[in-house]
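One structure is given below, encoded as structure tokens.
The values are calculated or read from the model by the stated rules, or taken from the named source; none is laboratory data. Predicted model, so just to flag it, every value in this text is computed and none were measured. All Cβ positions, even for glycine, are placed from backbone atoms using ideal geometry, and neighbour counts span all protein chains on display.
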């Protein structure tokens, strides 16, 4: 599975005041025992001009430019840190 993040990647889940959504999603996947690849897309939410032309793939998958999104191996797309946290805690990793 692939976790699409902003350039902050998987950092920021433990910041004291405002948790970074990409870091929160990554932390939830790790704590649940999931393995995933990180795919970084350009730009930051608070600087929309920095995202111009760098999130076309995200827009194609979700209809909007925001990350994080999680793409499961079967192609299912889970959008947003809260939904990814819920999915991670509700779907234990399969053991092969």
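Taking the condition at pLDDT below 90 and part of a helix (DSSP H, G or I), does residue 50 pass? In short, yes. Just name the residue that is surrounded by the fewest Cβ atoms within 10 Å (Cβ to Cβ) out of those in the range 70-82 that are under 20 Å from residue 23 (Cα atoms) and either in contact with a helix residue (DSSP H, G or I) (Cβ under 6 Å, 6 or more places away or on another chain) or without any contact (Cβ under 8 Å) to a residue 12 or more places away in the chain (or both). Filtering first and then ranking leaves 82. Determine, yes or no, whether residue 15 is loosely packed, with under 12 Cβ neighbours inside 10 Å and either without any contact (Cβ under 8 Å) to a residue 60 or more places away in the chain or in a loop (DSSP other than H, G, I, E, B) (or both). It is true that residue 15 is loosely packed, with under 12 Cβ neighbours inside 10 Å and either without any contact (Cβ under 8 Å) to a residue 60 or more places away in the chain or in a loop (DSSP other than H, G, I, E, B) (or both). Determine whether the range 37-44 contains at least one residue that is in contact with a strand residue (DSSP E or B) (Cβ under 6 Å, 6 or more places away or on another chain), modelled with pLDDT of 95 or more, in a loop (DSSP other than H, G, I, E, B) and under 14 Å from residue 1 (Cα atoms). Scanning the range 37-44, I find no residue that is in contact with a strand residue (DSSP E or B) (Cβ under 6 Å, 6 or more places away or on another chain), modelled with pLDDT of 95 or more, in a loop (DSSP other than H, G, I, E, B) and under 14 Å from residue 1 (Cα atoms), so the answer is no.
Just checking, which of 31, 57 is at pLDDT 85 or above, out of contact with any helix residue (DSSP H, G or I) (no Cβ under 8 Å at 6 or more places or on another chain) and part of a helix (DSSP H, G or I)?
Being at pLDDT 85 or above, out of contact with any helix residue (DSSP H, G or I) (no Cβ under 8 Å at 6 or more places or on another chain) and part of a helix (DSSP H, G or I) holds for just one of 31, 57, which is 57.
Out of the residues in the range 1-10 meeting the condition of being surrounded by fewer than 19 Cβ atoms within 10 Å (Cβ to Cβ) and more than 19 Å from residue 86 (Cα to Cα), tell me which one is modelled with the highest pLDDT. Among those residues, the one meeting the criterion is 7.
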